[in-house]
Amino acid sequence: MTQSEPAVEVRDLVKEFPAPGGGTIRAVDGVSFSVRRGEIFGFLGPNGAGKTTTLEVVEGLASPTSGQTFVLGSDSHKDAARVKSRIGVQLQAAAYFDHLRLDEILELFGSFYPRSVSPDVLLAKVGLSEKRRARLKELSGGQAQRFSIVAAMVNDPEVLFLDEPTTGLDPQARRHLWDVIGSINREEGKTIVLTTHYMEEAELLCDRVAIIDNGRIVALDTPLGLVRQLPAAYRIAFATGRAIDEEDLARLPGVAEVAALPNGERRYELRVRDPQATLFAFTTWARDRQVALDDVRVSPATLEEVFLSLTGHALRE
Ligand SMILES: Nc1ncnc2c1ncn2[C@@H]1O[C@H](COP(=O)(O)OP(=O)(O)OP(=O)(O)O)[C@@H](O)[C@H]1O
Ligand SMILES: [Mg+2]
């Protein structure tokens, strides 16, 4: 075993289930990828894309129809005991015991392992020290999600698997959880593999993102790398006090498209290949035509647009 082995490696994974009316459903259709040690790796895809199924095979909880999965160099199935001792798997909150208090649940989970982290240390990681004597049903949604993350860390795992860690949370609780996940990754060096429907979560939290649709990985790169694959990967948005000639703007260098934004009056967006080249021509254009520009913003396109361009359909239907 060397440190250079990837945290997770998946080769040609196929997973089929029997279909209700006969035949089979191919939930995972030839997926290969590897996760480096120390990174936050995200699976972004719509309902039914195959995210959970892929994780369950990697974790050793489900067997593959074909293909192989490895965690820290060990086969998830042939060497399942070793893999299970080195990973943490977040369960849905409903899977825990209602009648136990938070510290008792962590104590119980810890007793399953030869070496475990104390409940106090775990609860402090996610700001739940004051709730140590609470029962799960007494926590808010965000607190329960934070608890479920440390409940997966009692064995001090090297790789942590989080399946939709922020689904159902309000934006504030979601941001809090991103901070928690980010600090577990940065401060403790843990590799984190997560799934999400939220493109913002993938963009802001993940080092690399695999976009998955219909059981296949359609793209895998850093968030910015994914966006740069688009033919016009940047947006120049602006507001202006008077009507403008959109066709005139479309002729500026590097502009692929001009869109009038639906929100607010006289807001426009230029979809461009090279923002620097276009910006210069754009400000010259505004000066020459005496167009007062307001609120000019330059930003990369979103993963939502990447998903749409790769699959032909939206992430959320
Ligand atoms: N145990 C099972 N038996 C039969 N079909 C299954 C089973 N588990 C998953 N599937 C099917 O496999 C496909 C992929 O499901 P999976 O749960 O992996 O998707 P997902 O990407 O995690 O979706 P979601 O975002 O909704 O959680 C779906 O079509 C699902 O219906
Ligand atoms: Mg799922």
message: Out of the residues in the stretch 44-59 meeting the condition of being of a type in the set (A, V, I, L, M, F, W, C) and more than 9 Å from ligand 2 (Cβ to nearest atom), tell me which one is surrounded by the most Cβ atoms within 10 Å (Cβ to Cβ).
response: Leu44
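Of all residues in the stretch 7-25, which are more than 16 Å from ligand 2 (Cβ to nearest atom) and in contact (Cβ under 8 Å) with a residue 40 or more places away in the chain?
Answer for the stretch 7-25, where residues must be more than 16 Å from ligand 2 (Cβ to nearest atom) and in contact (Cβ under 8 Å) with a residue 40 or more places away in the chain: Ala7, Val8, Glu9, Val10, Arg11, Asp12, Val14, Glu16.
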- request: Could you look through the stretch 45-63, keep only residues that are without any contact (Cβ under 8 Å) to a residue 60 or more places away in the chain and among the hydrophobic types (A, V, I, L, M, F, W, C), and pick out the one that is farthest from Val28 (Cα to Cα)?
  value: Leu61
- prompt: What number of residues within the stretch 60-84 satisfy the criterion of being under 12 Å from Ala7 (Cα atoms) and either within 16 Å of ligand 2 (Cβ to nearest atom) or outside the structural domain of Ile211 (by TED's automatic domain parsing) (or both)?
  reply: 0
message: Looking at Ser76, Ser4, Ser66 in this structure, which one is touching a strand residue (DSSP E or B) at 6+ places or on another chain (Cβ under 6 Å), of a type in the set (S, T, N, Q) and free of Cβ contacts under 8 Å to residues at least 40 places away in the same chain?
response: Ser76
query: Would a scan of the stretch 283-294 turn up a residue that is at pLDDT 90 or above, assigned by TED's automatic domain parsing to the domain that holds Arg235 and closer than 13 Å to Arg235 by Cα?
result: no
- request: May I ask you to list the residues in the stretch 258-282 that are over 12 Å from Ala237 (Cα atoms) and of a type in the set (Asp, Glu)?
  value: Glu265, Asp274
- request: Please work out if Asp98 is within 16 Å of ligand 1 (Cβ to nearest atom) and of a type in the set (Asp, Glu).
  value: no
- line: Per the list (1) touching a Phe, Trp or Tyr at 6+ places or on another chain (Cβ under 9 Å); (2) part of a helix (DSSP H, G or I), residue check on Leu279 breaks on (1)
statement: Residue hits (the stretch 185-242; of a type in the set (Lys, Arg) and closer than 20 Å to Asp274 by Cα) are Arg228, Arg235
- prompt: With Arg251, Arg242, Arg273 as the choices, which residue is touching a Phe, Trp or Tyr at 6+ places or on another chain (Cβ under 8 Å) and either of a type in the set (Phe, Trp, Tyr) or surrounded by fewer than 19 Cβ atoms within 10 Å (Cβ to Cβ) (or both)?
  reply: Arg273
- request: Provide a single number: the residues in the stretch 17-71 that are in contact with a Pro (Cβ under 7 Å, 6 or more places away or on another chain), under 29 Å from Ser85 (Cβ atoms) and within 15 Å of ligand 1 (Cβ to nearest atom).
  value: 1
message: So Ala256 ticks every box in (1) over 28 Å from Gly48 (Cβ atoms); (2) free of Cβ contacts under 8 Å to residues at least 24 places away in the same chain; (3) within 32 Å of the chain's Cα centre (by Cα) but one. Which box is left unticked?
response: (2)
Residues being surrounded by 19 or more Cβ atoms within 10 Å (Cβ to Cβ) and either assigned to a helix (DSSP H, G or I) or on the phi > 0 side of the Ramachandran plot (or both) - total across the stretch 186-211: 5
query: Is it the case that the stretch 217-233 has a residue that's within 16 Å of ligand 2 (Cβ to nearest atom), polar (S, T, N, Q), in a loop (DSSP other than H, G, I, E, B) and at pLDDT 95 or above?
result: no
query: Within the group Gly127, Gly42, which residue is under 24 Å from the mean Cα position of the chain (by Cα) and either part of a strand (DSSP E or B) or farther than 17 Å from Thr166 by Cα (or both)?
result: Gly42
- prompt: Checking Glu164 against (1) at pLDDT below 95; (2) over 13 Å from Leu44 (Cβ atoms), which test does it fail?
  reply: (2)
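Quick check on my filter: what residues within the stretch 18-39 are assigned to a loop (DSSP other than H, G, I, E, B) and over 15 Å from Thr65 (Cβ atoms)?
Across the stretch 18-39, the qualifying residues are Pro20, Gly21, Gly22, Arg36, Arg37, Gly38, Glu39.
The values are calculated or read from the model by the stated rules, or taken from the named source; none is laboratory data. Predicted, not measured: the structure shown is a model, and the values here were computed from it. We place every Cβ from the backbone using ideal geometry, glycine too, and count neighbours over all the protein chains shown.
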